[in-house]
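Reading through the C-alpha cells given below for one structure.
The values are calculated or read from the model by the stated rules, or taken from the named source; none is laboratory data. No experiment lies behind these values; they were computed from the predicted model shown. Cβ placement follows ideal geometry from the backbone for every residue including glycine, while neighbour counts extend to all protein chains displayed. Accessible surface areas use protein heavy atoms only, side chains included; no ligands, DNA or RNA. Shrake-Rupley method; radii C 1.70, N 1.55, O 1.52, S 1.80 Å.
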Amino acid sequence: MLAFDYAAVPPEQSERAVAELLEMQRSDGGWAQLSNMDSDAYATATVLVALHRAGVKTSVAACMRGLQFLLDSQLNDGSWQVASRSQPFQKYFESGFPHGQDQFISTTATAWATLALLFFLPEQEPRPIETLTGTFPLELPEADLSAFDVWGSPFHRCANRPGESETRFAGLVSSSRYRAAQ
C-alpha cells in the first residue's frame, strides 16, 4: 500500500486493501508481522503509515487504537523494541542503539513508529521553540548549497577525482560526485 500512489492502483483496490488491514488489527490495538506472532511496533507503525498514505483519518477508531498501542509500547528511552526473527548472516556488531541483538529491527521499528505518530498529529499553528539557550522560530533557514556542484544522489559521495571527498550516510550505496564550486 505504501507504493499505491506510484503504481497508479485503482481506488477500489486501495479501499479493499485498507479494509483488509483494518480487519487484521489485534484486540490490543496493534498489528503483527505474521498471523502467528504478537503485535509489535514495527508492524503496527508500518500499517499506520500505509493507512495514512491511503487517506485514512486519525479519527478512525482503528487508527486511534494503533496509535495508543505505539504509545503504550514505547520504552522510557524513547525507542521501541521488536524481537529479531532473522537468521544472522553477518557478524554482529554494536551500533549503539539499544536492544542488543534486536537493535536493527528495533531501530527500524522506532523510525516507523516516529513517522506514524508524526503523520497522525493534529494540525497545529507553528510556534517558537524554547530551548535552554533561548527561543528560536520554528521555521528553519534554507541551507546554502551554492558552494557545491552536485550530481546525482546526495547520500553517497565517492572520491574518484582530486578535490572530491568520500562520505557515506546511513549505509546507502547509491553514488554521486560533488566538488566545491570553482
Cβ-Cβ under 9 Å pairs, at least 6 apart or on other chains, the range 102-116 side more than 14 Å from LEU70 (Cα to Cα), far side of a type in the set (A, V, I, L, M) and open to solvent by 50 Å² or more (accessible area, probe 1.4 Å): ASP102/ALA83; ILE105/ALA83
Index of the failed condition, SER39 passing every other in (1) loosely packed, with under 12 Cβ neighbours inside 10 Å; (2) touching a strand residue (DSSP E or B) at 6+ places or on another chain (Cβ under 6 Å): (1)
The one condition in (1) open to solvent by 40 Å² or more (accessible area, probe 1.4 Å); (2) in a loop (DSSP other than H, G, I, E, B); (3) out of contact with any Leu (no Cβ under 9 Å at 6 or more places or on another chain); (4) not aromatic (Phe, Trp, Tyr) that GLN81 fails to fulfil: (3)
Neighbours by Cβ (under 7 Å, 6+ apart or cross-chain): first from the range 9-27, in contact (Cβ under 8 Å) with a residue 12 or more places away in the chain; second hydroxyl-bearing (Ser, Thr, Tyr): ARG26/SER39
Any chance SER106 is out of contact with any Lys or Arg (no Cβ under 8 Å at 6 or more places or on another chain) and surrounded by fewer than 21 Cβ atoms within 10 Å (Cβ to Cβ): no
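Quick check on the range 45-56. Is at least one of its residues over 19 Å from LEU2 (Cα atoms) and not β-branched (Val, Ile, Thr)? Let's see the steps before the verdict.
Kept after step one, since they are over 19 Å from LEU2 (Cα atoms), are these residues of the range 45-56: none.
No, there is no match, as no residue in the range 45-56 is over 19 Å from LEU2 (Cα atoms) and not β-branched (Val, Ile, Thr).
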Cβ-Cβ under 9 Å pairs, at least 6 apart or on other chains, the range 84-98 side at positive phi and of a type in the set (Gly, Ala, Ser), far side open to solvent by less than 80 Å² (accessible area, probe 1.4 Å) and not in a loop (DSSP other than H, G, I, E, B): GLY96/GLN103
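Tell me which residues, restricted to the range 122-141, are modelled with pLDDT of 75 or more and open to solvent by 100 Å² or more (accessible area, probe 1.4 Å). If you could, list the steps in order and put the result at the bottom.
Taking the range 122-141 as the starting set, the residues that turn out to be modelled with pLDDT of 75 or more are 122-125.
Result: GLU123, GLN124, GLU125.
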Condition met for SER35 (of a type in the set (Ser, Thr, Tyr), out of contact with any helix residue (DSSP H, G or I) (no Cβ under 9 Å at 6 or more places or on another chain) and over 19 Å from PHE119 (Cα atoms)): yes
